[in-house]
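Structure record follows, encoded as structure tokens.
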Amino acid sequence: MTLRKTTAAFLACAIPLLAQVTVERILNAPKEPQNWLTYSGSYRSWRYSTLDQINASNATSLTAQWIFQSGSLGQFETTPLVIDGVLYGTGQDNRAFALDARTGRAIWRYQRSLPDKIQACCGMVNRGFAALGDRLFMATLDAHVIALDRKTGNVVWDVTAADYRAGYVFTGAPLVVKDKIIVGVAGGEYGVRGFVDAYSTETGKRVWRFNTVPGPGEPGHDTWQGDSWKTGGAPAWLTGSYDPELNLIYWGTGNPSPSDYGEERKGDNLYSNSMLALDADTGKLKWYFQFTPHDLHDYDSTQVPVLVDEDWQGKPRKLLIQANRNGFLYLLDRTNGKFLQAKAFGEVTWAKEIDAHGRPVVAPGSAPTLEGTRTCPGALGATNWFSPSYDPQTKLLYVASSIECDTFSAAPQKYHEGHDFIGSVYGPAKGEKTAGAMRALDPLTGEKKWEFPYFSPPWCGALSTAGGIVFGGDSEGNFIVFDARTGKDLWHMQLGAAIYSSPITYSVGGRQYVAIPAGAGLFAFALGDK
Amino acid sequence: MRVFLVFCCVNVATGCLLGQAEKKNPVTGDATAIREGSSLFRANCSPCHGLDARGGGRGPDLTVGRWIHGGSDAAIFQTISQGVPGTEMPANPFEDSEIWALIAYLRSLAGAPQAPAGGDVTTGERLFFGKEKCATCHMVKGRGGHLGPDLSRVGAARSIAYLIESIREPSKELSLGYIDPNNHYGIPLDYDTVTVVTAEGKRLVGVAKDEDAFSIQLLAEDDELHLLLKKDLTEVRHERRSLMPAYSTEMLSAGELRDLIAYLSSLRGEGL
């Protein structure tokens, strides 16, 4: 993107440019902060914006500008994209829409006709689009990948990725890398065999697939007992990150199936609960790092990997940071997957420590039993799919965290295709009050710099900006602005329903907006008129 | 991925049979079916009915042989497959064989002893509204206080063992309160004792009807609602115990307990 174009985009107020989204623009997304071009704001997944019109000194005058109603109940989990004055979002039940980002008025709406009996463990949700050229890409609950025309919402192509009747669904936003879109499948509660796919943005043709559970003859296959690999799970249901210099895609994987019962899938169960580094062109595995081998507590490792270049032990290093559901904040070398450090960022009882090679030292007695075993973190993890944010000004990672321990029970369960396959059940430990927090962590030391307490476990991620502020929210429906350095709550507004998404920011006509869904509404805020 | 499973409550409110009267469970007493039913129950039903089917926060005890919507195989089949309209019991997309396995499992649990028996309902009612002051906090069909759970249907929803435990050891398992329908993974508030202290030093004790990071809506011992901002409070303490006193044998004799239980068991929500 040239400087001239950037300026032009800034100046576009009444008439959006509707320019093409090029690969170059996505690579340089942080240089056009008026837009939000990809799920995490940039390939390095900082969910950070250089916009600073809304800042620590004026956040108290934030005012609702418009509210868009999706027309559906259920969790509204989208991260909208904003491209040259138009906001593109996905909704519950695979709805989608394009809005005038200044007024909230709809330009088009799309609703996919879904078959009955979709097996989506955690709601009929979708987390957003990817965009390239004049197209938007969505991965659907019935396991299709589709391309829509940006101006009309018309379907351009529609391809089948997997069989939804066997429990395969898509809930995450795709990632555009060069001429491909990358998507990962969900279904770890239904005994699927997970995969990460790449499709041609032009034709929808599948270019490669990486099976997250290795088949016979492939490396790692021997980490599965008998035929357990066939229903081994390891879904890849969130959006990864990309390093263009290394041409590597970083994509996290989820739990082995059944999640609570491991007696019939003895072994490390590769590549469940791992970070995968895949060659963007071929899908070949460059390296992997498994956070929680032979998981028994649903500690998916799908959380968004954050790519940061910082000195580590005196030398510049290409780092990958992940606040993992298992309660540890990890630092890896993203060139080779080498483990550097893991520090607990919440209460952890399942592991005594992470050893020098990155392998957990599992605490005796932490495995689920028939009667139930209390373990921390609980199954929803110390954090979950909602995004963290990395602020280069404070060099802090903001992580919405859950404070919950669960009682995990285990029992054998027969696999039936398309039925849940969990191996019993878990739930909050009896008599204990659950809670949550927004936490500011130094990713290099693991040190907690501040914490703002939430009443219950959150499902809203973080957005940090050059205004010295962090946006977050809670499951009681409060959308909140924090001082990035101190954690002081500067402003909040009750939106009337739990927030299940992570905020974004953009600007139109020189005015900065911040957008967040809650309930059936997508809310946009800006500073009030002076 | 976090799972909040489909729950299957089996005897909550009034239902009807739709031509299922002839159905008989082909696998009653079959050990394999009971085992499969147990596994299905844990994964699907236990979030509401409890791991051992003795009742959870939302679903009733299924071990006591009291089937509000009919106790025949066909009636229970109907309740599981179609749910109970107007209650929290949803329809469940099980295959027929799975429902029969579930029923076989539930039948294998039934028949828990129902001691103590022989209490007097009228005496129990007198105790409830009189000497034992239960109605100070609990309401039955519009009569009584607001602080504790409404007990108009408690006899239909809870086993006698549970009722006895709730009287003798009320803090052992706190009853659940407000469920936010817009918070899909939310855990309901419970009847936990909350103490707050205002900036002026005023202390209030009660239960939270709702609460978030910034405010609390407290129903206090004075039976009044106190709508408070946390910035005006110096302390908000969750005590993780019930406000209800534990009724020892000195406060409530074994005979009085029998009468009170007889009264509570008679409360089935008729006329509501």
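No value in this document is a laboratory result; all are computed from the given coordinates. In this text, all values refer to a predicted model and were calculated from it rather than measured experimentally. Virtual Cβ from ideal backbone geometry, glycine too; neighbours counted across all protein chains shown.
Using the Karplus curve 6.51 cos²θ - 1.76 cosθ + 1.60 with θ = phi - 60°, what ³J(HN,Hα) values do you get for each residue of region B:96-107, in whole Hz, with x for Gly and Pro?
3, 4, 6, 5, 4, 5, 4, 5, 4, 5, 4, 4
GNM, chain B, Cα, under 10 Å: largest mean-square fluctuation among B:Ala213, B:Ala156, B:Ala74?
Of B:Ala213, B:Ala156, B:Ala74, the Gaussian network model singles out B:Ala213 as fluctuating most.
Out of all Cα-Cα pairs in region A:59-202, roughly what percent, to the nearest whole number, are more than 27 Å apart?
Values: 2082 of 10296 pairs.
Cα-Cα pairs in region A:59-202 separated by more than 27 Å: 20 percent.
Taking the alpha carbon gyration tensor of region A:380-497, what are the square roots of 5 times its eigenvalues, largest first, to the nearest whole Å?
Details: eigenvalues 204, 50, 38 Å².
Gyration-tensor ellipsoid for region A:380-497: 32, 16, 14 Å.
For region A:332-379, what size does the Cα cloud have along each of its three principal axes, sorted from largest down, in whole Å?
For region A:332-379, the Cα extents along the three principal axes come out at 44, 18, 15 Å.
DSSP loop trypsin sites (Lys or Arg not before Pro) in region A:113-186 with at most 14 other Cβ atoms within 10 Å of their Cβ, which ones? Can you show the working numbers first?
Values: sites: A:Lys117, A:Arg127, A:Arg135, A:Arg150, A:Lys151, A:Arg165, A:Lys178, A:Lys180; in loops: A:Lys117, A:Arg127, A:Arg150, A:Lys151, A:Lys178.
Within region A:113-186, the qualifying trypsin sites (Lys or Arg not before Pro) (loop, at most 14 other Cβ atoms within 10 Å) are A:Lys117, A:Lys151.
Would you compute, from DSSP H runs of 4+ residues alone, the mean residue ellipticity of chain B at 222 nm, taking -39500 (n - 2.57) per run and dividing by the full residue count, rounded to the nearest 500?
-7500 deg cm²/dmol
Dipole of the protein assembly as shown (Lys/Arg Cβ +1, Asp/Glu Cβ -1, origin at the Cα centre): which of A:Pro443, B:Ser39, B:Gly271 lies farthest to the positive side?
Towards the positive end, the residue furthest out is A:Pro443.
When the helices in chain A are scored as -39500 (n - 2.57) per DSSP H run of 4 or longer and the sum is shared across all residues, what 222 nm value do you end up with, to the nearest 500 deg cm²/dmol? List each step's numbers first, then the result.
On the way: 2 runs with 14 residues, N = 530.
When only DSSP H runs of four or more count, the value is -500 deg cm²/dmol.
Using a basic spin-label model with each label point 7 Å from the Cα along Cα→Cβ, how many nm lie between B:Phe214 and B:Lys172?
Simple spin-label model gives 4.2 nm for this pair.
Out of residues 5 or more away from A:Trp157 or on other chains, whose amide H comes under 5 Å of its own, with H placed 1.01 Å from N in the peptide plane?
Amide H neighbours of A:Trp157, under 5 Å, 5+ apart: A:Ala147.
Hey, what do the phi angles of region A:163-170 turn into as Karplus ³J(HN,Hα) couplings, whole Hz, using 6.51/-1.76/1.60 and θ = phi - 60°, x for Gly and Pro?
Along region A:163-170, the couplings run 9, 4, 5, 9, x, 7, 9, 10 Hz.
Counting only other chains, what is the mean number of Cβ atoms within 10 angstrom of the Cβ of each residue in peptide A:412-420?
Whole-number average of other-chain Cβ neighbours for A:412-420 is 4.
Could you pull out every residue, at least 5 positions away or on a different chain, whose amide H is within less than 5 Å of the one on A:Gly461? Hs are placed 1.01 Å off N in the peptide plane, and Pro or chain starts have none.
For A:Gly461, the qualifying residues are A:Ser387, A:Ser501, A:Ser502.
Once you place label points 7 Å from the Cα toward the Cβ at A:Asp309 and A:Ala106, how far apart are they in nm?
4.4 nm
Toward the positive end of the charge dipole of chain A, about the Cα centre and with charges on Cβ (Lys, Arg +1; Asp, Glu -1), which of A:Thr231, A:Leu62, A:Gln303 goes farthest?
About the Cα centre, the residue reaching furthest to the positive side is A:Leu62.
When only alpha-carbon atoms are used, what values of Rg and Dmax, in angstrom, describe the protein assembly as shown?
Looking at the protein assembly as shown, its Cα Rg and Dmax stand at 27.3, 90 Å.
Please compute, for peptide A:453-463, the average count of beta-carbon atoms on other protein chains lying within 10 Å of each residue's beta-carbon.
3
Would any residue of region A:322-349 have its amide N under 19 Å from a label point 7 Å out along Cα→Cβ of A:Glu432? List them or say none.
Label zone hits: A:324-329, A:344-349.
Assigning unit charges at the beta carbon (Lys, Arg +1; Asp, Glu -1) and nothing else, what dipole magnitude in debye, to the nearest 20, does region A:81-176 show about its Cα centre? Each step should come with its number before you reach the end.
Details: 11 positive and 9 negative charges, 44 e Å.
It comes to approximately 220 debye.
Along Cα→Cβ, 7 Å out, is where each label goes; now give me the distance between the ones at B:Ile179 and A:Asp333 in nm to one decimal.
Simple spin-label model gives 5.2 nm for this pair.
Starting from region B:118-191, pick out the chymotrypsin sites (Phe, Trp or Tyr not before Pro) whose DSSP state is loop and whose Cβ has at most 16 other Cβ atoms within 10 Å.
Values: sites: B:Phe128, B:Phe129, B:Tyr162, B:Tyr178, B:Tyr185, B:Tyr191; in loops: B:Tyr178, B:Tyr185, B:Tyr191.
Here the sparse-neighbourhood loop sites are B:Tyr178.
Suppose every K and R has +1 on its Cβ and every D and E has -1 on its Cβ; what is the size of the dipole of the protein assembly as shown about the Cα centre, in Debye to the nearest 20?
Working: 77 positive and 88 negative charges, 283 e Å.
Roughly 1360 debye, rounded to the nearest 20.
Once phi is turned into ³J(HN,Hα) by the Karplus curve 6.51 cos²θ - 1.76 cosθ + 1.60 with θ = phi - 60°, what whole-Hz value does each residue of region A:377-391 show in order, with x for glycine and proline?
Karplus values, whole Hz, x for Gly and Pro: x, x, 5, 7, x, 5, 8, 8, 6, 4, 7, x, 9, 10, 10.
For region B:198-272, which trypsin sites (Lys or Arg not before Pro) pass both filters: DSSP loop (anything but H, G, I, E, B) and at most 16 other C-beta atoms within 10 Å? Can you show the working numbers first?
Details: sites: B:Lys202, B:Arg203, B:Lys209, B:Lys230, B:Lys231, B:Arg237, B:Arg240, B:Arg241, B:Arg258, B:Arg268; in loops: B:Lys202, B:Arg240, B:Arg241, B:Arg268.
Those satisfying the criteria are B:Lys202, B:Arg240, B:Arg241, B:Arg268.
Would you work out which of A:Ile181, A:Pro517, B:Gly71 lies farthest towards the positive end of the dipole of the protein assembly as shown, given +1 charges on the beta-carbon of Lys and Arg and -1 on that of Asp and Glu, about the Cα centre?
A:Ile181
Could you work out, for region A:167-298, what percent of all Cα-Cα pairs fall into each 10 Å distance bin, beginning at 0 Å and stopping at the bin that holds the largest distance?
Bin by bin from 0 Å, the calculated values are 15, 46, 30, 8, 0.
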